[in-house]
Amino acid sequence: MNRRTFLRSTCLAVAAAGLGVCPLGTARAQDQAPDGAAPPGAGLSIEDERFVRPAMFYDRLEGGIVRCRLCPRQCEVAPGGRGACGVRMNRQGEYMTLVYGRVTALNNDPIEKKPFYHVVPGSMVLSLSTAGCNLSCKFCQNWQLSQFRPEKVEARYIEPQTLVALALKNDIPNLAFTYNEPTVFYEFMHETARLGHEAGLRCTVVSNGFTSLEAQRKLVPFLKAYKVDLKAFTDDFYRDYCHGRLKPVLETLENLVGLGVWVEIVNLVIPAANDREADVTAMARWIKTHLGPDVPIHFTRFRPMYKLQNVPPTPVADLERCCEAAKAEGLRYVYLGNVPGHPGGDTFCPRCGRLLIQRTGMWAVENHMDAGRCPRCRAAIPGVWS
Ligand code: SF4
């Protein structure tokens, strides 16, 4: 069965089960939900109790107020109110998630699309999202999902065990929590990952890294890989473009690497916003010092999006300069992303230079790895290879 046939059969199975969208031929280099997956204003009622479950990680304060500990925002929410992410609500002093099982997109993607380049190349991943986010990036690629309250986004109710069964039935070996920020649907993700892990699926997270360390620790035992967007290396950028902060994301990266889950980093390079060479160099130096030289970093190409329609696409030469700066700091696996066919998307042995994995767009088209090693010099290449 070739890839297209495989995709088609899987998507048909998804559709036949009435389980949401699964478009064919998604030729996107970023981990991005399909156009039209979630038109605003077409959602299900927020009163539908199937989606409402007790939240994890919060404290009760005086006057019925709750303080959420799920992410570094630590929202304090009065009765009847919601946290900044818009998907967690204080109901008479009890904090509730509104997005349990509230699936807004469901696709069978190549794992390179997440992007994971050191996780079983060429394998497929059942990828799902809900709605909402705890950041508000001006360049969000999935803003139709992330920047609306859940009642404004088209969705279906799907239970965790149904998702796991769907992956198994279609021989999809991986699960990914992705498209919108998985932190905000933590309870649903946690249960799905727990069941998926028990069933032998590799569970992965694609995140902005803006998550409490406490929540990460409780989830990581069920995970194989975690992709973190490191959006820039300045607090100013996080504040001005994302309504966030840099430090918690760095703490996330250190925590995840310390916990032993496989981590890859993505830095979307936006012209005249986060592309200063000195900042890229400082980022690479920090990664090498705090995480080690083997954590892959992907410098990916920006395209005009959401509130940054007036910013041009990143020149390829600028991406190449970012890659060179990171390599000069000693990082061993530096990738250039979102430029299909560019050799910067291939994996080379850092010891002897042998081509190990060749990629075109989001596909691994050649894989010369031998049981996690370079076939020529036998150097061990870090990652999740089986
Ligand atoms: S997860 Fe949502 S409610 Fe909780 S602290 Fe973060 S933004 Fe606030």
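Can you pull the Kirkwood radius for segment 49-97, inverse mean 1/r over Cα pairs, to one decimal in Å?
It is 10.4 Å.
Is segment 232-376 best put as rounded, prolate or oblate by its Cα gyration tensor, with a ≥ b ≥ c the root eigenvalues, rounded for a/c under 1.5, and otherwise prolate when a/b is larger than b/c, oblate when not?
oblate
Could you check what % of the DSSP bridge pairs in the chain are antiparallel, to the nearest 5?
If we restrict to bridges inside the chain, about 55 percent are antiparallel.
If I fit a long axis through the Cα atoms of helix 186-198 and take the longest principal axis of the Cα atoms of the chain, what angle between them do I get, 0 to 90°, rounded to 10?
Around 60 degrees separate the two axes.
Among Ala379, Leu230, Phe188, flag the residue with its Cα farthest along the positive direction of the charge dipole of the chain, charges on Cβ as +1 for Lys/Arg and -1 for Asp/Glu.
Farthest towards the positive end: Ala379.
Rounded to the nearest whole Å³, what is the per residue volume of the convex hull around the Cα atoms of the chain?
Dividing the Cα hull volume of the chain by its residue count gives 127 Å³.
Could you order Ile270, Ile65 by accessible surface area, starting with the largest, using a probe radius of 1.4 Å?
Output order, biggest surface exposure first: Ile65, Ile270.
Rounding to the nearest 10 and keeping the result within 0 to 90°, find how far the Cα-based axis of helix 316-328 lies from the longest principal axis of the chain.
80
Please give the solvent-accessible surface of Tyr306 in Å², to the nearest 10, using a probe radius of 1.4 Å with every protein chain present.
Number for this one is 50 Å².
Lys/Arg Cβ at +1, Asp/Glu Cβ at -1, dipole of the chain taken about the Cα centre: which of Gln144, Pro121, Val269 is farthest positive-ward?
Ranked along the dipole, the leading option is Pro121.
Skipping prolines and chain starts, which residues have an amide H placed within reach, meaning under 5 Å, of the one on Tyr95, given they are 5 or more residues away or on another chain?
Residues meeting the amide H criterion: Ala55.
What accessible area, in Å² to the nearest ten, does a 1.4 Å probe give for Ser212?
Spelled out: Ser212, probe radius 1.4 Å, area about 20 Å².
On the full set of protein chains, 1.4 Å probe, figure out the accessible area of Glu112 and give it in Å² to the nearest 10.
The value for Glu112 is about 0 Å².
Roughly how tilted is helix 277-290, in degrees to the nearest 10 and between 0 and 90, from the longest Cα axis of the chain?
80
What does the charge dipole of the chain about its Cα centre add up to, to the nearest 20 debye, if the Cβ of each Lys and Arg holds +1 and the Cβ of each Asp and Glu holds -1?
The calculated dipole for the chain is roughly 500 debye.
Quickly estimate the mean residue ellipticity at 222 nm for the chain, helices only: each DSSP H run with n ≥ 4 gives -39500 (n - 2.57), and the total goes over all residues, rounded to 500.
About -7000 deg cm²/dmol.
Suppose every Lys and Arg Cβ carries +1 and every Asp and Glu Cβ carries -1, with no other charges. What dipole size does segment 346-386 come out with about its Cα centre, to the nearest 20 debye?
That gives segment 346-386 a dipole magnitude of about 180 debye.
Could you tell me which of rounded, prolate or oblate describes segment 258-332, using a ≥ b ≥ c as the square roots of the eigenvalues of the alpha-carbon gyration tensor, with rounded for a/c under 1.5 and, failing that, prolate when a/b is larger than b/c and oblate otherwise?
prolate
Taking the Cα centre of segment 49-97 as the origin, how large is its charge dipole in debye, to the nearest 20, when only Lys and Arg (+1) and Asp and Glu (-1) carry charge on their Cβ atoms?
Dipole size: approximately 180 debye.
The values are calculated or read from the model by the stated rules, or taken from the named source; none is laboratory data. Every value quoted in this text rests on a predicted model; they were computed, and no experiment measured them. Every residue, glycine as well, gets a Cβ built from its backbone with ideal geometry; the counts of neighbours run over all protein chains shown. Note: accessible area is taken over every heavy atom of the protein model, side chains too, but ligands, DNA and RNA are not part of it. Shrake-Rupley method; radii C 1.70, N 1.55, O 1.52, S 1.80 Å.
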